Amino acid sequence: MADTAITVDGAEKRYGGKKALDGLDLRVARGTVHGVLGPNGAGKTTLVRVLSTLLRPDAGRIEVSGHDVVREAYAVRLRIGLLGQHAALDEELGGRQNLELFGRLHHLGARRARARADELLERFDLADTGRKAVRQYSGGMRRRLDLAASLITEPEVLFLDEPTTGLDPRGRAEVWDSVRSLVGGGTTVLLTTQYLEEADQLADRISVVDAGRVIAEGTADELKAETGGDRIDVVLREAGQLGAAVALLPLTGVTVDTDRRLLSAPVTDRMEALSGVVRALQEAGIEAEDVALRRPTLDEVFLHLTGDDRRVKEAA
Amino acid sequence: MTAYALTDSWTMTRRELARWARQPVQLVVNLIFPVMLLLMFGYLIGGGRGVNGEYRDYLIPGMLALTMAFGLEGTMIAVTRDLDKGVIDRFRSMPMADGAVLVGRSAADMLQSAMALVVLIGVGAALGWRVHGGPVAFLGAVGLLLLFRFAMLWIGIYLALVAGKPEMVQAVQILVWPIGFLSNALALPDTMPGWLGTVVEWNPMSHTATAVRDLFGTPGAESGHVGAALVWPLALLAVFFPLAVRRFGRLSR
């Protein structure tokens with residue numbers, strides 16, 4: 001299909017006995033940003049490595065921009081850009097030298113490689129530092145240069161594997177801005193992340209991945225709706241009273257965070273839940289610091305889907 | 001793809017040249033290190049024998065061979081660094097000719113080793129060392145040294161691909177040194193205990209060093225090792241070249 005940039009049907013990949021991909025399916029529409037969200041070891045990086053022709057899948061049909069990643073690896077490589085987890089740059093060379101090197105390896109020829117390097121340095125706000133060795137760059141700058149290197153040929157599909165892991169908030173904001181500016185150009189972006197906020201901010205659609213398969217997919221709003229509607233958060237003055245409050249309150253599906261003296265639960269009728277909770281606490285003489293209604297966060301969706309919320313409850 | 005084999009290999013070689021230009025001190029240190037070893041063994045450890053006369057004539061060809069052997073480390077460090085930084089992954093995700101990464105590495109390392117030979121031979125000449133053989137024999141000796149280096153290069157690439165991490169290079173360094181010294185580069189096997197002498201004579205590097213002494217017309221040099229100095233590196237290449245290429249292909253496993 002012309003409007004599908006990435007097709008993954010039943011992808012499997014084993015390392016020894018461990019299944020990194022276990023029948024993963026995925027469709028990404030052309031010109032969209034697709035977030036792949038999952039905990040460490042869920043298979044996100046393996047997926048990106050398979051899609052970018054670095055790893056051979058054991059089974060499954062995998063196409064990028066209409067080309068099979070195994071049989072037509074070269075055709076795929078002509079059309080993709082890859083940003084791995086660590087900045088893949090020559091640290092001793094300057095920023096411009098790096099971009100020129102990658103441009104030449106994309107067979108742009110010397111003159112166009114140089115022009116493209118200048119263009120990208122300008123665009124990613126690195127023009128002043130193009131001569132400095134990458135070794136001397138800050139984390140955010142290095143990541144921007146890395147991103148520029150993956151955009152040498154204006155790829156049809158761009159893979160970003162945890163693009164902001166290890167960056168400080170400022171570096172993260174820089175990278176987010178760069179990714180947003182790309183989307184207008186029609187590039188399809190597949191982004192893996194552990195940060196729900198990142199997926200929420202950047203992705204049109206999100207696939208939640210766990211143990212090598214997709215366990216949920218939709219827009220951020222759809223995923224939030226799937227977990228249930230609104231939630232109520234109650235912060236107590238004494239953590240010791242959390243147990244008593246859980247037993248007493250007219251709520252089901254309560255999660256407890258002892259460190260923050262917080263209990264949280266889904267609600268159906270907002271006002272009834274709010275007044276019921278306040279009344280019950282007053283009658284029992286349990287002091288609350290804060291009671292608030294809110295929408296679920298993507299974190300809760302994630303924990304709910306990956307089954308980690310059960311662990312939280314059991315621990316409490 | 002193959003149409004770009006030469007261009008891409010040249011681009012990869014140029015990358016190393018650009019690194020040298022960026023870090024001239026590093027390059028100079030690499031070239032000076034064998035000279036330092038030569039002076040150290042000649043003056044300090046060589047003691048009474050000094051750097052004049054017979055021992056100097058014996059030592060310089062040995063140091064040339066040892067320098068080629070130590071090149072293995074440089075190759076390993078460079079390959080593991082690129083693997084670890086993900087640079088090799090980036091190259092592999094690009095529409096590059098298949099072998100260009102390894103060919104570029106080989107070309108740059110061979111060039112650096114050739115420069116190291118020039119420097120060491122120049123310093124030897126400055127110390128009064130003279131070649132007694134003809135120019136053809138001289139070039140033959142240089143050829144044998146570079147052939148040995150080429151074998152070390154592919155062993156280095158293979159070991160780097162197996163080790164994967166720069167930290168593992170140290171473990172190999174610890175092995176390279178004794179193997180380098182367990183040769184006749186610095187001392188005659190006759191002067192060693194019998195079993196050790198046997199080990200040393202078996203070391204492929206000893207054949208290269210002996211053949212080079214022979215071709216340089218070093219007084220008292222043993223002859224008849226040129227064949228072994230050709231066969232050993234070729235045999236090592238026959239084993240490690242396909243192993244390294246296969247291992248590189250297996251990065252996609």
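The values are calculated or read from the model by the stated rules, or taken from the named source; none is laboratory data. Keep in mind that what you see is a predicted model, and the values were worked out from it rather than measured. Cβ: placed from backbone, ideal geometry, glycine included. Neighbour counts: every protein chain shown. Remember, those area values only see protein heavy atoms, side chains included, never the ligands or the DNA or RNA. Shrake-Rupley method; radii C 1.70, N 1.55, O 1.52, S 1.80 Å.
Some notes on this structure:
- Strands (runs of 3 or more DSSP E) within the stretch A:171-270 that include 2 or more residues within 30 Å of A:Gly140 (Cβ to Cβ): A:188-193, A:205-210
- Residue count for the stretch B:143-171 under the criterion of being open to solvent by 30 Å² or more (accessible area, probe 1.4 Å) and of a type in the set (A, V, I, L, M, F, W, C): the result is 7.
- Close contacts from the stretch A:132-148, counting a first residue that is under 20 Å from A:Leu182 (Cα atoms) and a second that is of a type in the set (Val, Ile, Thr) and open to solvent by 10 Å² or more (accessible area, probe 1.4 Å), with Cβ to Cβ under 8 Å and a gap of 6+ residues or different chains, come to A:Met141/A:Thr129.
One line per residue, one yes/no per condition, for (1) of a type outside the set (D, E, K, R); (2) at pLDDT 95 or above; (3) under 18 Å from B:Asn184 (Cα atoms):
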residue	(1), (2), (3)
B:Asp84	no, no, no
B:Asp109	no, yes, no
B:Ala116	yes, yes, no
B:Gly140	yes, yes, no
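- Selection of the stretch A:218-240 for residues being among the acidic types (Asp, Glu) and in contact with a helix residue (DSSP H, G or I) (Cβ under 8 Å, 6 or more places away or on another chain) yields A:Glu226, A:Asp230.
- For beta carbons closer than 7 Å, sequence separation of 6+ or different chains, a first residue in the stretch A:66-94 that is in contact (Cβ under 8 Å) with a residue 60 or more places away in the chain and a second that is open to solvent by 20 Å² or more (accessible area, probe 1.4 Å), the qualifying pairs are A:Arg79/A:Glu156; A:Gly84/B:Asp89; A:Gln85/A:Thr45; A:Gln85/A:Thr165; A:Ala88/B:Lys85; A:Ala88/B:Asp89; A:Leu89/A:Arg142.
- Lone unmet requirement of (1) open to solvent by 50 Å² or more (accessible area, probe 1.4 Å); (2) within 21 Å of A:Glu162 (Cα to Cα); (3) of a type in the set (D, E, K, R) for A:Arg270: (2)
- Tally, over the stretch B:177-192, of residues that are open to solvent by 60 Å² or more (accessible area, probe 1.4 Å), in a helix (DSSP H, G or I) and either among the aliphatic types (A, V, I, L, M) or in contact with a helix residue (DSSP H, G or I) (Cβ under 7 Å, 6 or more places away or on another chain) (or both): 2
- Sole residue being within 14 Å of chain B (Cβ to nearest Cβ), under 14 Å from A:Lys44 (Cα atoms) and open to solvent by 10 Å² or more (accessible area, probe 1.4 Å), chosen from A:Thr153, A:Thr165: A:Thr165
- Apart from one condition, A:Arg294 fits all of (1) surrounded by 13 or more Cβ atoms within 10 Å (Cβ to Cβ); (2) in contact (Cβ under 8 Å) with a residue 60 or more places away in the chain; the exception is (1).
- Lone unmet requirement of (1) part of a helix (DSSP H, G or I); (2) over 30 Å from B:Asp84 (Cβ atoms) for B:Trp129: (1)
- Test for B:Asp98: is it among the charged types (D, E, K, R) and part of a loop (DSSP other than H, G, I, E, B): yes
- Residue satisfying condition, being open to solvent by 50 Å² or more (accessible area, probe 1.4 Å), away from chain A (no Cβ under 14 Å), in contact (Cβ under 8 Å) with a residue 24 or more places away in the chain and among the β-branched types (Val, Ile, Thr), within set B:Val245, B:Val199: B:Val245
Here is a yes/no grid of residues against (1) free of Cβ contacts under 8 Å to residues at least 24 places away in the same chain; (2) open to solvent by 30 Å² or more (accessible area, probe 1.4 Å); (3) closer than 12 Å to B:Leu146 by Cα:
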{"residue": "B:Leu66", "(1), (2), (3)": "no, no, yes"}
{"residue": "B:Val79", "(1), (2), (3)": "no, no, no"}
{"residue": "B:Leu83", "(1), (2), (3)": "no, yes, no"}
{"residue": "B:Gly86", "(1), (2), (3)": "yes, no, no"}
{"residue": "B:Arg90", "(1), (2), (3)": "yes, no, no"}
{"residue": "B:Ala108", "(1), (2), (3)": "no, no, no"}
{"residue": "B:Val123", "(1), (2), (3)": "no, yes, no"}
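- Residues in the stretch B:9-45 that are in contact (Cβ under 8 Å) with a residue 24 or more places away in the chain, within 14 Å of chain A (Cβ to nearest Cβ) and β-branched (Val, Ile, Thr): B:Thr11, B:Thr13.
- Restricting the search to helices (runs of 4 or more DSSP H) fully inside the stretch A:52-126 and requiring at least 2 residues that are surrounded by fewer than 23 Cβ atoms within 10 Å (Cβ to Cβ) and more than 13 Å from chain B (Cβ to nearest Cβ) gives A:110-123.
- Count of residues meeting criterion [of a type in the set (S, T, N, Q), under 19 Å from A:Ala149 (Cα atoms) and surrounded by fewer than 17 Cβ atoms within 10 Å (Cβ to Cβ)] in the stretch A:173-224: 1
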